[in-house]
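The values are calculated or read from the model by the stated rules, or taken from the named source; none is laboratory data. Computed from a predicted structure; not experimentally measured. All Cβ positions, even for glycine, are placed from backbone atoms using ideal geometry, and neighbour counts span all protein chains on display.
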Amino acid sequence: MQRGVMYGMAAGAIWGFIFLAPRLLPDFSPLTLSIGRYLMYGAVSLAVALPFARKLVAKLTRADFIALVKLALVGNLLYYMLLASAVQLVGVAPSSLIVGILPVTVTLAGRRDHGAVDLRRLAGPLLLILAGIACINVDVFSDVLAASASGEPATGVLTRVAGLACALGALASWTWYAVVNARYLQANRHFDGNEWSVLWGIVTGLLGVVLGLIVWMLPAGAVQASVPAARWHLFWIVCVALATGGSWLGNMLWNAAAKRLPLTLAGQMIVFETLFALLYAFVYDGRWPRTPEVLAIALLLVGVCWSVRQHTVGAAPAVASEAPAH
């Protein structure tokens with residue numbers, strides 16, 4: 001369980017970077033960002049898979065392939081398009097902290113899974129996490145109300161509301177992915193975390209190729225406005241970084257965590273993605289966090305540490321009785 005927690009924290013530290021990418025590339029559409037990221041993810045995964053390709057193909061079943069397609073569509077392409085849209089419309093902090101509700105949604109979704117802790121014992125930690133999320137969202141909605149009161153054009157307010165809706169959509173898609181992926185890995189132990197991440201990346205890359213061909217056939221400018229050549233160079237550098245770190249390595253670490261932790265605990269490891277996303281955003285913006293942000297971070301950390309303690313005391317025997325993970 002301790003190794004699972006460490007893997008989950010490391011995955012969160014890497015995934016926090018994906019919130020900055022849309023800020024670095026505001027002139028690229030979310031669809032273009034998703035296609036670029038996952039084309040590179042497919043290429044990186046294919047290169048990693050070459051030394052043991054025969055072994056992977058021999059173990060891959062039809063059910064595995066169907067599961068990979070579903071997970072890639074919802075957990076990769078749809079999730080990142082919605083997340084990139086949210087970041088570009090409403091900013092990093094609101095987007096990361098709405099997606100930060102994942103510890104609650106995943107915990108609730110996995111409340112009946114093997115090794116889960118009784119929700120009554122998790123009421124305190126979950127309330128602290130919700131309070132932390134509320135702190136930052138009060139700040140966001142205060143900005144929206146202030147904009148309305150000051151006579152800001154309706155389009156500006158609607159843009160922020162649309163950004164919050166996209167963040168909620170990203171929350172829903174990743175909740176589904178986290179639950180389905182964890183359950184599938186725990187029920188099908190013939191792949192380790194690295195093998196599953198590599199296969200997922202190859203399938204995602206294939207889907208990215210299909211989506212890219214569809215976009216390429218659309219009229220010029222229908223999806224992506226014209227940008228200078230120098231910006232495309234930065235675009236591909238960021239996509240390679242997202243593919244190797246945010247996708248391949250981050251997913252490998254997350255899969256390793258998912259095989260070792262019950263969903264009620266694994267879901268709360270996602271809070272570290274939120275915390276690192278905030279840290280990176282503060283560094284990028286060159287500012288210190290405001291009081292509501294400091295309070296939110298403190299509440300999230302205390303809530304997750306408390307939850308880990310509850311699982312260590314109450315769920316360790318159940319987890320130890322499972323087959324050893326790779």
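What the table shows:
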read-out	value
Tally, over the stretch 224-233, of residues that are at pLDDT 75 or above, of a type outside the set (A, V, I, L, M, F, W, C) and assigned to a loop (DSSP other than H, G, I, E, B)	1
Among residues of the stretch 1-39, those that are under 16 Å from Leu207 (Cα atoms) and without any contact (Cβ under 8 Å) to a residue 40 or more places away in the chain, counted	0
One residue from Ala116, Ala109, Ala134 being over 23 Å from Thr291 (Cα atoms), modelled with pLDDT of 70 or more and among the small types (Gly, Ala, Ser)	Ala109
Selection status of Val313, part of a helix (DSSP H, G or I), loosely packed, with under 13 Cβ neighbours inside 10 Å and modelled with pLDDT of 85 or more	no
Residue count, the stretch 58-75 (criterion: closer than 12 Å to Ala178 by Cα and of a type in the set (Val, Ile, Thr))	1
Unique residue being of a type outside the set (S, T, N, Q) and under 12 Å from Met9 (Cα atoms) when the list is Gly250, Gly245	Gly250
Residue identified as without any contact (Cβ under 8 Å) to a residue 40 or more places away in the chain and among the small types (Gly, Ala, Ser) among Ala84, Ala53, Ala67	Ala53
Residue ID - surrounded by the fewest Cβ atoms within 10 Å (Cβ to Cβ), chosen from residues in the stretch 175-209 that are aromatic (Phe, Trp, Tyr) and modelled with pLDDT under 85	Phe191
Which listed residue is surrounded by 16 or more Cβ atoms within 10 Å (Cβ to Cβ), out of contact with any strand residue (DSSP E or B) (no Cβ under 7 Å at 6 or more places or on another chain) and modelled with pLDDT of 85 or more, from Leu261, Leu253	Leu253
Condition check for Ala281: surrounded by 18 or more Cβ atoms within 10 Å (Cβ to Cβ), more than 13 Å from the chain's Cα centre (by Cα) and either of a type in the set (Gly, Ala, Ser) or at pLDDT 80 or above (or both)	yes
Of residues in the stretch 58-70 being among the aliphatic types (A, V, I, L, M) and surrounded by fewer than 20 Cβ atoms within 10 Å (Cβ to Cβ), the one nearest to Asn251 (Cα to Cα)	Val69
For Ala266: the one exception among (1) at pLDDT below 80; (2) more than 20 Å from the chain's Cα centre (by Cα)	(2)
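Residue by residue, here is whether (1) in contact with a Ser or Thr (Cβ under 9 Å, 6 or more places away or on another chain); (2) under 22 Å from Ile98 (Cβ atoms); (3) outside any helix (DSSP H, G or I) holds:
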residue	(1), (2), (3)
Arg3	no, no, no
Met9	no, yes, no
Gly12	yes, yes, no
Arg23	no, yes, no
Asp27	no, no, yes
Leu33	no, yes, no
Arg37	yes, yes, no
Ala43	no, no, no
Val48	yes, no, no
